[in-house]
Amino acid sequence: MEKKVIVVKSSFRHLSNSSLLADAFIKGASEVGNDVFEINLKDIDLKFCTGCLSCTKTNRCIHKDSMNELYYKISNANVLVLATPIYYYAVSGQMKTFIDRLNHLFTKDNKFTDVYLLASSAEDDKYALEGAIKEISGFVECFEDVSIKGIIYGTGVTEPNEIIKKEAYQEAYQLGKNI
């Protein structure tokens, strides 16, 4: 069964390791016939959530940025994939801002049930991703019938493009093929 997949990349770095993990996932998911849509946070206008909750009353965010155009696509996807570099043992600031802006979806009938985390860190130890996992888990817990279905630990990478030589790169590809 074809799934609608949204992949969110949050790195601003050229040839970033987390973006390359996302590319591998996209390749695998596309090869088996899934409909994949990529959101690259460096290419969109993304403002901070003000916590006004206007979106829950008016069905639109007060900000006139890229998110209003993306809410429909995100809420109609079956799979949400979040790709982030690990900064100070947590998701990137860009990813955190994106997640905060998904507040608009809490009161909607969303179709996504599966969330995946693809993360890269300079630290070799998988422990480096625990803060990011906690962050994504907190987001997921706010939705009924949504769970984290997979995590790719791209550890021990500091230079751009380095992830391609790591096992995590192939794991991301296989995970995409098997969603």
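A few comments on the model shown:
- A Gaussian network model of the chain, with springs between Cα atoms under 10 Å, assigns the largest mean-square fluctuation among Leu20, Leu46, Leu70 to Leu70.
- Taking the Cα centre of the chain as reference, the dipole from Cβ charges on Lys and Arg (+1) and Asp and Glu (-1) amounts to some 500 debye.
- Exceeding the 28 Å Cα-Cα cut-off - candidates Lys73/Lys165; Lys27/Lys73; Lys47/Lys166; Lys57/Lys149: Lys73/Lys165; Lys47/Lys166; Lys57/Lys149
- Between the amide H of Asn40 and those of Lys9, distances stay under 5 Å, these residues lying 5 or more places away or on another chain, with hydrogens modeled in the peptide plane.
- Here the Karplus relation 6.51 cos²θ - 1.76 cosθ + 1.60, evaluated at θ = phi - 60°, turns the backbone of the stretch 39-47 into coupling constants of 10, 9, 4, 6, 9, 10, 8, 10, 9 Hz, with x for every Gly and Pro.
- Rolling a 1.4 angstrom probe over the chain with all protein chains present gives an accessible area of which 49% lies on carbon and sulfur atoms.
- Tensor-based shape of the stretch 89-134 (alpha-carbon gyration tensor, a/c under 1.5 rounded, otherwise prolate or oblate): prolate
- Distance from the stretch 124-166 to the stretch 39-115 (C-alpha centre basis), Å: 18
- Whole-Hz Karplus values for the stretch 85-94 come out as x, 9, 10, 6, 6, 8, 5, 5, x, 4 Hz, taken residue by residue from phi with 6.51 cos²θ - 1.76 cosθ + 1.60 and θ = phi - 60°; glycine and proline positions read x.
- Summed side-chain charge close to Gly51 - residues other than Gly51 whose Cβ falls under 12 Å, Lys, Arg +1, Asp, Glu -1: 0
- Per residue, the solvent-accessible area of the chain (1.4 Å probe, heavy atoms of protein chains only, all protein chains present) comes to 50 Å².
- 222 nm mean residue ellipticity, helices alone, for the chain (DSSP H n ≥ 4; -39,500 (n - 2.57); rounded to 500): -10000 deg cm²/dmol
- The stretch 79-159: GluC sites (Glu not before Pro) falling in loop per DSSP and having at most 15 other Cβ within 10 Å: Glu123, Glu141, Glu144
- With q set to 0.14, 0.18, 0.23, 0.26 Å⁻¹, the log10 of I(q)/I(0) for the stretch 30-117, from the Debye formula over equal scatterers at the Cα positions, is -0.53, -0.87, -1.32, -1.52.
The values are calculated or read from the model by the stated rules, or taken from the named source; none is laboratory data. Here the structure is a predicted model, which is why all the values come from computation and not from measurement. Because the Cβ atoms are built from the backbone with ideal geometry, glycine has one as well, and the counts that use them run over all protein chains shown. Surface areas here come from the heavy atoms of the whole protein model, side chains and all, with no ligands, DNA or RNA. Shrake-Rupley method; radii C 1.70, N 1.55, O 1.52, S 1.80 Å.
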